[in-house]
Structures are given as structure tokens and as C-alpha cells.
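Notes for the one structure printed next.
We did not get these values from a lab; they are worked out from the coordinates using the rules stated. Just so it is clear, the structure is predicted and the values come from calculations on it, not from any experiment. Virtual Cβ from ideal backbone geometry, glycine too; neighbours counted across all protein chains shown.
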């Protein structure tokens, strides 16, 4: 295994597993809305539109058989959020899980934060593989014994039992947000976390549920002056005082909480001047940033807008250091994509373990691997047709116009209903999780 | 796998079996197999390199080999985007997942177009009302499934047009058609109407902590401001309407007075009276 998790085109990706229903009729509740590996990569969590969280666990590798791939199997499933009803507005508050973030592991139990539009919950996932047996007053099935029949005393002992994984809500963080929560981020101090909605960002302490501290507020005095919303936020991976947030106008602001209590004034503003030759009615919409992620080493951050992925050096504010086109062939289709609302799709992006490759999704169940070190990119597809065990994924090509070569697919044939919005990369290994509408694909590096 | 696209003439997207296909928007480039390569010239972007169709009923050319001739004048491209924008903003409230982010982006696009149009209006002759004269806007758009318009939806019309009582009758469709025509007048309206509408639209996205709303509020207060005097059967309420009726409607009034006290019929007809009155005002614009 190439432990460092590097390589885009050196690596050949093969199918490992697919989770979820096979039939094309997608139940709305099964639509996957978030995917996240934990810090060790042993656990993989998904959230769906029905408010459920499913956690998969990697089987411990069989070292004696290097060919044997570790598989992810269901570890725990629980209902995280339920739908609520806002009586004043006659609106249902969706139970869809918008984001899951894991806490670093401190003891035997695992903790994660999951959030819907309104409420954030801290869940504890713990294992139980022993149970006490030999009570004096109770039978094994729980019935009380007749006191008269007890003649001896014994000490109950722990005996092994079938592994049981329990998930319990430990904290519920309510009423922190007036608008819809779009992201959460755990601080490197392991005590606090951020939650962002369209107009505000709050800082919470993991132990305190009835109060949060508002650090960013961009709500104007008159709502009619509103022209910009917050789209994502993230804490710096090492500096516990630093966080960034992205906006619908394509800007990223870096804030330092040491500078002032309210971070409405940014420390840095990252913005690339618009290319006048690409100007159209849709320029602003496609510049809206849908995701922002720091690199693992904390020196860069990556942003995803509708057509591209940009890598920014934290020390350079006026332009990104790298820009990658995800699906430039869509630029001439923007009006159609505006008509059918696809232009508002929010794609996420992720880094590999050593920050050399980034990945993001596209349409037609395609996803893109962009290799920074080798300046190469590849388009792959998550499809049921490439589902044989260890089947190597073939690179896909999209033909923008003109003569379509063999094996290419033309832009007009793309299925815009099949979008890959959520992807995740194992923090150490070359294992990726790619979510189509209702299926989760796991791909691994080809082993020789 | 991929879906074959269907080129369509309609401005609005139809969802087939819930699966959106990218129907050809007039402003987009069509890429078909076997044609000469069409590249956006000099990176001009979507608009300059697109193939344009003049409007409904014009034969679509099969090949895109010709130069991006810009057959469709820029104002018509802009009108198309404007129409789409207004469509989407109006349907914002009825979506399953209302999104402030989306509304803000739409509002910004709308504002940008309006600003452009106003600037042009200042530099050349004042434009004729953009309503029925433009071929694109002349066909009233059909809202087949539009549910009753909620009060806080941003219509450019005054609140009087939408009855404050929840009756869904046939003339609601007329109401919506009125709305259509008036929306194309939107660019020429003063900015305050827009901002007021946007204000109500954006404020409607707040999630309130209202689980105890119904129990906290003394219920009688909710109904205080609803004027129910019109609906008393005992009064001859129809004849007591303010005397702003045009003569053509008198027949209707007489017909009503002959009816038995069918209060719902009275109410229907009074709706039509209101509607006619306001239609006159609109037509004069």
C-alpha cells in the first residue's frame, strides 16, 4: 500500500464496494447528503435525507494476505434527526443531515457531530461486547428471583457477548440559528466548534448546549440590501484561533479570533478578479463557492465553485495559486443549467492524505481526480456497470463539440440527474468514498 | 447512463418523470455529433458563441457551422434570462426546500439585468412598456400547477389584488395571468417595489422558534383584523360595495341580487368585480 496516499495518475483505481439499493427508483429518504471519514479512516459515516446516519467500519486488515482488501461493513445505524414543523411559517424543517464531522478519538468511544438545517447533535458511538452475568436477585432474563430461593451469594462477572454498537445523543445544540445551517467544523482544540448558516457563524463549546457565541454576522439592517450569503466555514487544522468562511460572491475571508470578539472584519480577503472575457448573466451564480477545505498541512485551502476548483496559498490573497477546470464543457450550457436549476448544485471537494491530489464530483456520476504534483487530471465514473470486484476504473472523456471519438460521451448525453456532490478521501490510504444519489461507492488503489 | 437531450422551445424546463434533462436553452451552444467543431470564439463566453432562435415557431437550423451570428439581439437574450429569473423567484416559496442562498443569487441576477435595462433607458429614448410588445413576452405563460399565492410572495402588484380570504376559485388563474403581464413591466417600475418584495421574500426564510406559537397567543387576536362584515347573509352586501364599479358590471350586480342567499356565489361575483376594476387600472398603464 502506498501509505502516504499520493498519486493521481500513477494510481489506478478499482472498484471495491457499493452500498445501497440497486433499483433505479430512488426513495427520497435514501438520498445521501454527506460522507465523512473519521480521523483514522477506520470509520466512514454517511448521512441521508431521511435524517439517518450509517457508519461503516473497516475490517482489520489481514496482514498475512496482502491481496486481501479491507472492506467496510455496517457498524451502526441510527436516526439522528427527525422532521420538525415551524408553525409560524408553515414550513417543515427538514431532517436531512447537512454535515457530519467526527471528533478526534479520546477514549474507547467515538463521537461525531451531525446537523440538519436547525439543530446540531453530538452523538456517542460506543461498543459493548461484555455483559454482567450472575446477579443474585435477578434471573438472566431479568425476572426477579423469589427471595426465599436464594441460598448463596456470588459476585456477578462480565462475560463476553455479541458486539453491540450503541449510538446515543449526548448533546443537542438548539436554537443557535435563524437560517439554515450549511456547515460545521470542529476546532483543533477539541473543545469548540463552529456552525454556519446563511448569515451568521456561531462558536460553540462542546459541553455547553444552551449558549453559543456569534463570531460572524453579515445580516444587513435591511434585508432588502442582502446580496451575499455565507456558504461554508472551516477551522484551520492547527491554529485554533483561525477560521475561514466562503461566500456566494466567490470570496473567502480568513478571520482571527484573537483580533476581536466579533469577526465581522476579516484578517484576509481572498478574491480573484473576474475574467472579463468570461462574463455572462450567470457569472455571479457560478462564482458562488460551494465548499472550502483546508489542506492537511494547513498551508493551503481549496475552494469549489460551479465550474472549477481553486487552490489558494494562505499568504496570497489576490489570486489562487492553482485553478483546475472540473467540467469546462458546461460553460456553454449555463442557460440550460440555469433553467433546470442544476447551476445551483453544491459540489464538495476533498484532499488526499498528503495534499498532492484533490477530488471533486461532477454530473453523469463522473468524478474528477486532480493531481497537483503532476499537473494531470482524470475523470472516472461511479457506475453499476463497473462493479466487478477489483475492476479497474477506466478514464472517461467528455466530448465538448465536434467529432465524438470512440469511448467519448457527448455533453448532450450527460445525465444531469446523476450528480456526485459528496466525496471523501481516507486520511492515510488511497481509499475513496463517492456518493451517487443513493449509493455509496468505495474505490481503492489497485494492488499489484 | 446518459440521457438523450431533447431540444425544446419552451422557456421553462419540464421535468420528465422527475428527471431533469438539459433541454436546449436558446442561449446555449448545441453540440451534435458530426458537425464541424464549434469553439467559443476567443473565449467570449456563452452568449457570443451561442446559436440563437428568434422565438417560438421559428425553424431550428440543423447545423451550427455558421458564425455565431447573434441573431437574437442582446435585449431578447436578456429578457429570456429575466423571465426565468422572475419565474424562479416566484416559485421560491413553493419549493420543497426553500433556499435563501438561491433567492439571493436570483435577486442579484435580476437586479443586474434591471440596472442594465434602466441604464439603457436613460441613454436612449424611453422604452415602450416591455409588456405585450415583445414577442417573447406576449404569450402569457401558463402556470398549470401554481397553488394559491401566499401573501408574502413578492408580486409587483398591490396587495389588494390577492384576496385576503382563502378562496380558491376560477379567477385565481386570471389573477396569475395578470401577474404574468405585470411582471414584464417590472423593469420599468420604480426600484422601491422590488426592494419591498425582496425584503418580504428574504425575511420569510427565518426559522422561527415557534413551537409554542399557537399556545402562547390569545387566539382571538389573530382574527381581529379580518373584516367579516362582507359575508353576513343578512346584509345586502353586494349593493353596499363602494361605488367604483364601471357600468358594465351592473348587470352582474343585478343578477346577484336576484339570487337566494348563496353567500359563496356572492363572494365569487364580488371577486370578479374587484378584478375587473383593477384590470382597468392595469390596462391604462
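Here the calculated FRET efficiency for residue A:141 and residue A:161, from their Cβ-Cβ distance with R0 = 22 Å, stands at 0.95, rounded to the nearest 0.05. Among beta bridges identified by DSSP and lying wholly in chain A, the antiparallel ones come to about 95 percent. On a per residue basis, the convex hull of the C-alpha atoms belonging to region A:131-178 measures out at 146 Å³.
Where does region A:92-147 land on Rg(C-alpha)/(2.2 N^0.38 Å)? Write out the running numbers ahead of the final one.
Numbers: Rg = 19.3 Å, N = 56, 2.2 N^0.38 = 10.2 Å.
Relative to the rule-of-thumb radius for its length, region A:92-147 sits at 1.90.
Value of Rg to Rh for region A:106-218, rounded to two decimals, is 1.26; Kirkwood radius and Rg both from alpha-carbon coordinates. Pairwise Cα separations in chain A fall into 10 Å bins from 0 onward with the following percentages, short to long: 4, 19, 29, 25, 13, 5, 3, 1, 0, 0.
Shown is the FRET efficiency for residue A:296 and residue A:174, computed with R0 = 35 Å from the Cβ-Cβ distance and rounded to the nearest 0.05: 0.60.
Principal axis extents of the Cα atoms in region A:335-448, from largest to smallest and rounded to whole angstrom, are 41, 31, 30. Each of A:341, A:210 was scored by other Cβ atoms within 10 Å of its Cβ. Arranged with the fewest first, they read A:210, A:341. For the pair residue B:91 and residue A:275, label points projected 7 Å from Cα toward Cβ lie 3.1 nm apart.
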